[in-house]
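Note sheet for the following structure.
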Amino acid sequence: MKRLLILAAVLLSACAPVAQLAQPGEKATLTRDGQSLLLTNPAPDALTGDPGRAGDGPALTVNGTADLALDETARAWCQPVTVATGRRYACNLPTVPAGQRQRVTWTAGQVTDAAVLGYRPGLGPRPVLIWLE
């Protein structure tokens, strides 16, 4: 179910500004930093995974060129997903505490798009969607 939500988030990335309106006050960002994606959580609450699944962290979907390869740390969190063109990874990141960042680095290829689906304990079961800026 979570992967389906991430896929929908990535496919609807053109609607990102509309989705941000549905999440007023959300300050987390997903940006490029050289050969890395940087998930920044400045909010006063942790960015976690599904509250109904113990040990679950934020879900990151990364789309890229066919030669996209992640570094050793990122490979521990991510699994490749078969797609018709390019390469996609579905990742279960560790919880990102308030005021912290999480870095996902690649060693080859280019990232074309990415999105994070997470939760905040203070928001209950309402998901937080963060698109690559």
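Derivation of every value follows stated rules applied to the coordinates shown; laboratory data play no part. Nothing here was measured: the structure is a model prediction, and the numbers come from that model. All Cβ positions, even for glycine, are placed from backbone atoms using ideal geometry, and neighbour counts span all protein chains on display.
List of remarks:
- Counted residues, the stretch 100-127 - those being surrounded by fewer than 19 Cβ atoms within 10 Å (Cβ to Cβ), under 22 Å from GLN79 (Cβ atoms) and among the aliphatic types (A, V, I, L, M): 1
- Condition met for VAL116 (in a strand (DSSP E or B), in contact (Cβ under 8 Å) with a residue 24 or more places away in the chain and touching a Pro at 6+ places or on another chain (Cβ under 8 Å)): yes
- Residue pairs whose Cβ atoms lie under 7 Å apart, separated by 6 or more positions or on different chains, with the first residue in the stretch 41-53 and small (Gly, Ala, Ser) and the second in a strand (DSSP E or B), are ALA46/VAL96; GLY49/ALA59; GLY49/ASN92; GLY49/GLY118; GLY49/TYR119.
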